[in-house]
Structure formats: structure tokens, C-alpha cells
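Student: Provided herewith is a single structure, encoded as C-alpha cells, for subsequent inquiry.
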Amino acid sequence: MLTYYNHLHSQHHGKLEMYRGELVPCFEVPARVDHVLAELKKRKFGAIVPPESFDDSALLGIHSQRYLDFLAGAWDEWVALDAANAWRDVLPSVWPVRTLRSDVLPTNFAARLGLFSMDAGTPLTEGTWDAARAGADCALSAAQAVGSGQRAAFALTRPPGHHAGADFFGGYCFLNNAALAAQALRDQGLERVAILDIDYHHGNGTQAIFYERADVYFTSLHGDPQTEYPFYLGYADELGAGAGLGFNRNWPLPRGTGFELWRATLQQALQGIAAFGAQALVVSLGLDTFDGDPVAGFHLQSDDYLSMGADIAAAGLPTVFVFEGGYAVAEVGINAVNVLQGFMAAAA
Ligand code: Q9C
Ligand code: ZN
């Protein structure tokens with residue numbers, strides 16, 4: 001399996017995130033991807049290549065122009081407010097909830113920052129745009145490879161993507177890599193594309209992007225949003241809307257879930273994908289379902305990820321894997337490559 005590696009990922013390196021009233025060190029760190037890369041090399045898993053460059057028009061299939069313009073210029077605007085800001089990350093602190101207006105684009109930077117975000121846990125840094133932009137190229141490159149006949153490809157990138165919506169960032173995500181990959185497969189002529197989101201957290205951004213569409217089926221296994229981030233989306237009664245009704249399926253699971261229940265639920269999600277008649281699959285590959293993850297609550301063990309990969313391969317679909325969460329840094333490489341190895345062993 002070919003890996004498209006984002007060589008600019010470490011340009012995104014947040015210092016602190018807001019948690020329970022204090023700023024704590026970021027969980028989403030460059031070392032995460034370094035460990036996956038090291039494990040791929042150690043197991044001689046396959047070629048690791050830089051992405052092709054796609055122009056910004058590829059992003060406009062998923063994200064709004066005004067959001068992309070904001071992201072691309074945010075760091076310079078931030079430093080223009082105060083030269084000392086160069087040593088601080090950008091974090092929002094005000095949002096347009098319900099009865100406030102989100103149709104107006106304020107000139108004030110902090111106000112626009114809140115308009116285009118969903119939490120104060122996702123610092124934007126000097127290199128965030130360059131890292132996210134190269135990450136999108138990895139997802140688009142992997143989709144192109146799979147659309148051209150490869151059995152599978154892996155987009156190894158950070159920041160992750162599945163919480164980012166058409167016009168907002170959050171949950172450590174800025175550009176929705178999985179959504180970009182799915183749209184790229186559609187643009188290559190595949191009529192029905194499925195997205196399987198197996199990160200611990202519900203992929204609210206991806207769901208929202210495709211919620212009213214019948215051509216991209218979204219299904220997600222995740223911690224129950226009653227208790228787990230992102231809280232405000234990911235419930236079982238969200239089935240799609242309009243033309244998309246019946247093309248969205250969520251599988252919330254209680255905190256404490258182990259592999260037996262998780263795997264049985266995966267089979268149900270895969271049955272939905274088969275019934276949809278998907279021609280290709282995008283996997284939002286989060287490894288924060290691991291027992292030792294510091295921000296999550298499932299109990300999967302490292303060997304379970306081999307079985308997971310084999311189960312996904314049994315769907316028999318051309319598959320793009322997109323790296324998402326997973327914060328047990330020392331084990332994230334082993335767990336991620338276990339999924340890919342389990343997939344390839346079963347696909348062969
Ligand atoms: N004390 C992804 O996995 N809340 N995003 C964490 C930490 C935010 C996770 C709380 C979790 C976002 C891509
Ligand atoms: Zn996650």
C-alpha cells in the first residue's frame with residue numbers, strides 16, 4: 001500500500017488547548033505522525049511518497065471560499081494585531097450561538113475567529129495553513145491513486161480533519177481530508193462512495209458536509225455524544241435529510257466499550273455500506289479507540305487493530321485510509337500500521 005506522507009505536518013504544532021478552565025499542553029502533537037512513519041519503515045510496509053500538488057479549486061468542493069481565505073490569512077492577521085502574538089497561538093473565545101447572527105462577517109478578527117470555529121481546544125499556529133494544505137494534497141493524492149485502480153492508499157497527515165466542516169475548524173481539525181478524498185473519488189466518476197469513520201469521536205464535520213447528499217454514505221462508530229466530544233452531533237437518530245435521507249448512519253457506543261461490541265457494531269456499519277452499493281471506501285482512521293488513549297474511553301488492544309483491518313478489507317472495496325486521531329503517542333504507530341497490515345493480509 002502506498003503512503004502519501006505530509007512532510008509539512010510538523011509546521012502545525014499547537015502549544016496549549018483550553019480544558020476545564022485552564023490551558024493544558026496539546027494532545028495533538030507532531031510525534032504522533034513520526035511514530036506512524038517510523039513503524040511503516042520498520043515493517044517495510046510499502047513506498048512512502050510526497051503528495052502531488054492540487055490547486056485550491058479542489059478544496060472548494062468541500063470548503064467555502066470565505067473560510068479558506070480566513071484560514072490562509074489568519075496567522076498574519078493575528079500577528080498584525082500585536083507583534084508579541086508571534087509567540088502565542090491563536091485560540092477563539094467568542095462564538096455566534098443560536099440567536100446571534102452568523103450571516104454577517106465581522107471585521108474584528110476575534111469575531112471572525114469565533115464564526116469559523118467550534119471550540120477553544122484547537123490552536124492555530126504559524127504553520128497550520130501550510131500543514132493542513134499539504135495534508136489535503138495527501139488525501140487527494142490517495143484518492144487519485146485508488147480511483148486509478150490501486151486497491152488501497154494511506155494519507156499520513158496531521159492536523160486531522162473529520163471535525164472540520166465546510167466553514168469551521170475544531171476538534172484539532174482544519175481541512176476535512178476524508179471529505180476531500182470522498183469528493184475526489186466522486187469527481188473521478190465513481191457514483192457511490194462510502195465513508196467509514198472509526199475515530200473515537202463522531203466525525204461531525206464529515207457528516208454535516210454530506211448530510212443532504214445521496215451519493216456519499218457516511219457511517220460512524222464513536223463514543224456516545226451524550227458524554228463524549230463533539231457532544232452536539234453523532235446521535236443514532238441522525239439519518240440524513242432531503243435527498244440524503246437514509247444515507248447517514250451513526251453507531252454511538254458507551255464509554256468503556258471493548259473490542260467485542262465494537263467489532264459487532266463494525267459489522268453492522270459494513271452491512272450498511274454494502275446495502276448502499278458503495279464503489280469505493282474512505283476510512284477516517286482514528287486510533288483513539290485504544291485502551292491507553294488519554295482523551296478517549298474505549299478499551300481496544302493493539303492486536304485488535306489487525307482484526308479491524310481484516311474486517312474492513314472483507315468489504316472488498318478500493319479503500320483510502322486517512323489518518324485522524326489517536327493520542328497514545330508511543331502506541332499510535334503500532335496500532336495504525338496494524339490496521340493497514342491486517343487489511344493487506346486479508347485483501348491479498
Ligand atoms: N482533555 C480528534 O480525535 N477534546 N479530535 C479533548 C481533552 C477534543 C479529538 C479533551 C477532542 C478532539 C480528531
Ligand atoms: Zn478522535
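The values are calculated or read from the model by the stated rules, or taken from the named source; none is laboratory data. Worth saying up front: this structure is predicted, and the values here are computed from it rather than measured. Because the Cβ atoms are built from the backbone with ideal geometry, glycine has one as well, and the counts that use them run over all protein chains shown. Surface areas here come from the heavy atoms of the whole protein model, side chains and all, with no ligands, DNA or RNA. Shrake-Rupley method; radii C 1.70, N 1.55, O 1.52, S 1.80 Å.
Student: When the Kirkwood hydrodynamic radius is evaluated over all pairs of different C-alpha atoms of region 162-286, what value in angstrom, to one decimal, is obtained? Intermediate values should be presented prior to the final figure.
Tutor: Numbers: mean 1/r = 0.0702 Å⁻¹.
Its Kirkwood hydrodynamic radius stands at 14.3 Å.
Student: Checking a compactness column here: for region 115-189, what do you get for Rg(Cα) / (2.2 N^0.38 Å), N being the number of residues?
Tutor: On the way: Rg = 13.0 Å, N = 75, 2.2 N^0.38 = 11.3 Å.
In units of the 2.2 N^0.38 Å rule of thumb, it is 1.15.
Student: Nearest 20 debye, what's the magnitude of the dipole of the chain about its Cα centre given +1 on Lys and Arg Cβ and -1 on Asp and Glu Cβ?
Tutor: Values: 21 positive and 38 negative charges, 84 e Å.
Rounded to the nearest 20 debye, it is 400 debye.
Student: Under a straight-distance cross-link criterion of Cα-Cα below 16 Å, which aspartates and glutamates are reachable from K42, leaving out those fewer than 8 residues away in the same chain?
Tutor: In chain and number order, the partners are D34, E331.
Student: Farthest toward the dipole's positive end in the chain, which of A86, T128, A153, given Cβ charges of +1 (Lys, Arg) and -1 (Asp, Glu) about the Cα centre?
Tutor: A153
Student: Mind pulling the angle between the C-alpha long axis of helix 304-313 and the longest principal axis of the chain? Nearest 10 degrees, somewhere in 0 to 90.
Tutor: The helix 304-313 is inclined about 80 degrees to the chain.
Student: Tell me what the chain gives for mean residue ellipticity at 222 nm when only DSSP H runs of n ≥ 4 count, each as -39,500 (n - 2.57), the sum divided by the residue total, rounded to 500 deg cm²/dmol. Walk me through the numbers on the way to the answer.
Tutor: Details: 9 runs with 121 residues, N = 348.
After summing the helix terms and dividing by residue count, I get -11000 deg cm²/dmol.
Student: Only four residue types carry charge here, +1 at the Cβ of Lys and Arg and -1 at the Cβ of Asp and Glu. Report the dipole size of region 67-162 about the Cα centre in Debye, rounded to the nearest 20. Don't skip to the answer; put the middle values down first.
Tutor: Details: 7 positive and 10 negative charges, 78 e Å.
In total the dipole reaches around 380 debye.
Student: In 5 Å bins starting at zero, report the fraction of Cα pairs in region 71-222 per bin as a rounded %.
Tutor: Using 5 Å bins, I get a P(r) of 2, 9, 16, 19, 18, 14, 10, 6, 3, 1, 0 for region 71-222.
Student: While we're on this one: When the chain is modelled as a GNM with alpha-carbon springs shorter than 10 Å, which of F321, F169, F298 fluctuates the most?
Tutor: F298
Student: Continuing with the same structure: Using every Cα-Cα pair within region 6-77, state what percent have a distance larger than 16 Å.
Tutor: Numbers: 1789 of 2556 pairs.
Here the tail beyond 16 Å accounts for 70 percent of pairs.
Student: Give the calculated FRET efficiency between D69 and A214 to the nearest 0.05, with a Förster radius of 22 Å applied to their Cβ-Cβ distance. Present the calculation step by step, with values, prior to reporting the outcome.
Tutor: Details: r = 30 Å, r/R0 = 1.37.
Here the calculated transfer efficiency is 0.15.
Student: Still on this structure, please answer the following. Given a Förster radius of 51 Å and the C-beta distance between K41 and A274 as r, what FRET efficiency does 1/(1 + (r/R0)^6) yield to the nearest 0.05? Please list the in-between numbers first.
Tutor: Details: r = 35 Å, r/R0 = 0.68.
Given R0 = 51 Å and the Cβ-Cβ separation, E is 0.90.
Student: Counting only trypsin sites (Lys or Arg not before Pro) that sit in a DSSP loop (anything but H, G, I, E, B) with at most 14 other Cβ atoms within 10 Å, what is the longest stretch of the chain containing none of them?
Tutor: Working: sites that count: K15, R20, R43, K44, R88, R98, R101, R255.
With a cap of 14 other Cβ atoms within 10 Å, the longest stretch comes to 102-254.
Student: On to the next question. Could you give the dipole magnitude of region 142-245 about its Cα centre, charging the beta-carbon of Lys and Arg +1 and that of Asp and Glu -1, in debye to the nearest 20? Don't skip to the answer; put the middle values down first.
Tutor: On the way: 5 positive and 11 negative charges, 85 e Å.
The dipole magnitude comes to about 400 debye.
Student: Let me ask something else about it. Select from G325, T257, A313 the residue farthest towards the positive end of the dipole of the chain; place +1 on Cβ of Lys and Arg, -1 on Cβ of Asp and Glu, and compute about the Cα centre.
Tutor: It is A313.
Student: Per the Debye formula with a single identical scatterer at each Cα and no solvent contribution, what log10 I(q)/I(0) holds for the chain at q = 0.12 Å⁻¹?
Tutor: So the normalised log intensities are -0.79.
Student: Suppose R0 equals 30 Å. What FRET efficiency, 1/(1 + (r/R0)^6) with r the Cβ-Cβ distance, do D34 and L239 give to the nearest 0.05?
Tutor: Values: r = 39 Å, r/R0 = 1.32.
That pair, D34 with L239, gives E of 0.15.
Student: Under a 10 Å cutoff between Cα atoms, tell me which one of Y235, Y200, Y217 has the largest fluctuation in the Gaussian network model of the chain.
Tutor: Maximum fluctuation in the GNM of the chain, among the listed residues, is at Y235.
Student: Along Cα→Cβ, 7 Å out, is where each label goes; now give me the distance between the ones at V24 and S93 in nm to one decimal.
Tutor: If labels sit at V24 and S93, their model points lie 2.0 nm apart.
Student: At a probe radius of 1.4 Å, what is the per-residue accessible area of H7, in Å² to the nearest 10?
Tutor: Here the residue's solvent-accessible area equals roughly 100 Å².
Student: Right, something else. Calculate the tail of P(r) for region 186-233: the fraction of all Cα-Cα distances greater than 18 Å, expressed in %. Could you put the intermediate results ahead of the total?
Tutor: On the way: 372 of 1128 pairs.
Summing the P(r) tail past 18 Å for region 186-233 gives 33 percent.
Student: Can you tell me the orientation of helix 31-42 relative to the chain, as the angle in degrees between its alpha-carbon axis and the longest Cα principal axis, to the nearest 10?
Tutor: 30 degrees
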